[in-house]
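Engineer: One structure, pasted below without further comment.
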Amino acid sequence: MIIAIDGPAGSGKSTVAQLIASRLNFKYIETGSMYRAVAWKAQQAGIDPGDTERVAEVARTISIEFQPGAERQKVMVDGEDLTPVLKTETIGRLAAIVAANKAVREIMVAQQQNMGQNGNAVMDGRDIGTVVFPDAEKKFFLVADQKERAQRRHEEIKAKHPEVTFERIYEQLQQRDYEDENREVSPLVPAKDSIRLDTTQMNIDDVVAQMIEMIGPVHSQ
Ligand code: DC
């Protein structure tokens, strides 16, 4: 069984997806971190993120693996744990450019299909229900008001980065939404058969409980 969870940045996808995966004892595949990993590696090699050929070469040679961690799952890139590094806003910005690269998307989508081929996986991203697993048994599309999403992100980072204002986060989120929704290749759109869940007024536990109920009984394969 594949559970696809798509939606814009800050909609709570990865937190929810990780919780659902651990509740159901499924694999969790966070596809956004794969685009982030390619962006990071290109940056390390001094490659311009807009250089489609060279970035595609990075995507062809990179090794990305997910490993269980104490609290959160770890993202191993060429054998190195890059989990915290990949989460930064700088890498997020570069990842948005890299994710618009057609060749990179083809390589990443093939890897994601490979990772999920044995079933029982929760996969989150932007195009899981539309492109990666159009036949996924359950598809969710999580949304939340832009201001609420910016607020959540601000709450998350303000202790560590008091210098980052709400206004700045809100601006970056608007920009990210625009890029994700307007790129030529696989723009962010809900799959026609996805369940749309507006999480603006909901807390994480309620979202997870509601989704688990909608998923229903899970058969092991
Ligand atoms: O979810 P995230 O912020 O970690 O994603 C990073 C970037 O990658 C973001 O610009 C959207 C893009 N992305 C994508 O295009 N397709 C996916 N399946 C996952 C992420």
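The values are calculated or read from the model by the stated rules, or taken from the named source; none is laboratory data. For clarity, every value in this text was computed on a predicted model and none was experimentally measured. Please note: Cβ atoms are built from the backbone with ideal geometry, for glycine as well, and neighbour counts cover all protein chains shown. Please note that ligands, DNA and RNA were not included when accessible areas were found on the heavy atoms of the full protein model with its side chains. Shrake-Rupley method; radii C 1.70, N 1.55, O 1.52, S 1.80 Å.
Engineer: Just in region 139-217: which trypsin sites (Lys or Arg not before Pro) are loop by DSSP and have at most 13 other Cβ atoms within 10 Å?
Structural biologist: The qualifying sites are 160, 192.
Engineer: Need the C-alpha centroid separation for region 149-212 versus region 73-89, integer Å.
Structural biologist: Region 149-212 and region 73-89 have Cα centres spaced 21 Å from each other.
Engineer: Provide the gained length on full extension for the span residue 155 to residue 103, in nm with one decimal, where the gain is 0.36 nm per separating residue minus the Cα-Cα distance.
Structural biologist: 15.2 nm
Engineer: Next question. Where the only charges are on Cβ atoms (+1 Lys, Arg; -1 Asp, Glu), what is the dipole of the chain about its Cα centre, to the nearest 20 debye?
Structural biologist: 180
Engineer: For region 35-112, give the magnitude of the charge dipole about the Cα centre (Cβ charges: +1 Lys/Arg, -1 Asp/Glu; no others), in debye to the nearest 20.
Structural biologist: Dipole about the Cα centre, nearest 20: 200 debye.
Engineer: I've got another one for you. Decide, for region 79-149, between rounded, prolate and oblate: order the square roots of the alpha carbon gyration tensor eigenvalues as a ≥ b ≥ c, take rounded if a/c falls under 1.5, and otherwise choose prolate if a/b is larger than b/c, else oblate.
Structural biologist: Cα axes put region 79-149 in the oblate bin.
Engineer: Which one, 90, 217, 5, is farthest towards the positive end of the dipole of the chain when Lys and Arg carry +1 and Asp and Glu -1 on their Cβ?
Structural biologist: 217
Engineer: Taking region 1-105, how much of its Cα-Cα pair set, in percent, is spaced more than 18 angstrom apart?
Structural biologist: Across region 1-105, Cα pairs with separations above 18 Å total 49 percent.
Engineer: Ignoring any ligand, DNA or RNA, what whole percent of the accessible area of region 177-221 comes from carbon and sulfur when the probe is 1.4 angstrom?
Structural biologist: On region 177-221, the fraction of accessible area on carbon and sulfur atoms equals 49 percent.
Engineer: Which FRET efficiency, nearest 0.05, do residue 182 and residue 15 yield, Cβ-Cβ r, R0 22 Å?
Structural biologist: 0.25
Engineer: Here's a follow-up. Pull up the DSSP beta bridges for the chain and report the antiparallel fraction as a percent, rounded to 5.
Structural biologist: For the chain, the DSSP antiparallel bridge percentage is about 25.
Engineer: Let me ask you something else. Where only protein heavy atoms count, and the probe is 1.4 Å, what is the accessible area per residue for the chain in Å²?
Structural biologist: With the other protein chains kept in place, the chain gives 51 Å² per residue.
Engineer: Determine the share of region 1-123's accessible area contributed by carbon and sulfur atoms, expressed in whole percent, with a 1.4 angstrom probe.
Structural biologist: In region 1-123, the share of accessible area belonging to carbon and sulfur is 49 percent.
Engineer: So if a site counts as exposed when it's one of the GluC sites (Glu not before Pro), its DSSP state isn't H, G, I, E or B, and it has at most 11 other Cβ atoms within 10 Å, what's the longest stretch of the chain without one?
Structural biologist: For GluC sites (Glu not before Pro) (loop position, at most 11 other Cβ atoms within 10 Å), the longest site-free span of the chain is 72-162.
Engineer: Let me ask something else. Checking the cross-link filter: which aspartates and glutamates have an alpha carbon closer than 20 Å to that of residue 74, excluding same-chain neighbours under 8 positions apart?
Structural biologist: The qualifying aspartates and glutamates are 30, 65, 89, 124, 156.
Engineer: What shape does region 152-220 have by the C-alpha gyration tensor, where a ≥ b ≥ c are the square roots of the eigenvalues, rounded means a/c under 1.5, and otherwise prolate means a/b greater than b/c and oblate the rest?
Structural biologist: Oblate.
Engineer: Please state, rounded to one decimal and in Å, the Kirkwood hydrodynamic radius that the chain gives when every pair of distinct Cα atoms enters the mean of 1/r.
Structural biologist: With all distinct Cα pairs of the chain included, I get 17.7 Å.
Engineer: What does the C-alpha gyration tensor say about the overall shape of region 67-114? Classify as rounded when a/c is under 1.5, otherwise prolate if a/b is larger than b/c, or oblate.
Structural biologist: In terms of gyration-tensor shape, oblate.
Engineer: At 1.4 Å probe size, put 212, 62 in order of accessible surface, largest to smallest.
Structural biologist: Putting 212, 62 in descending order of accessible area: 212, 62.
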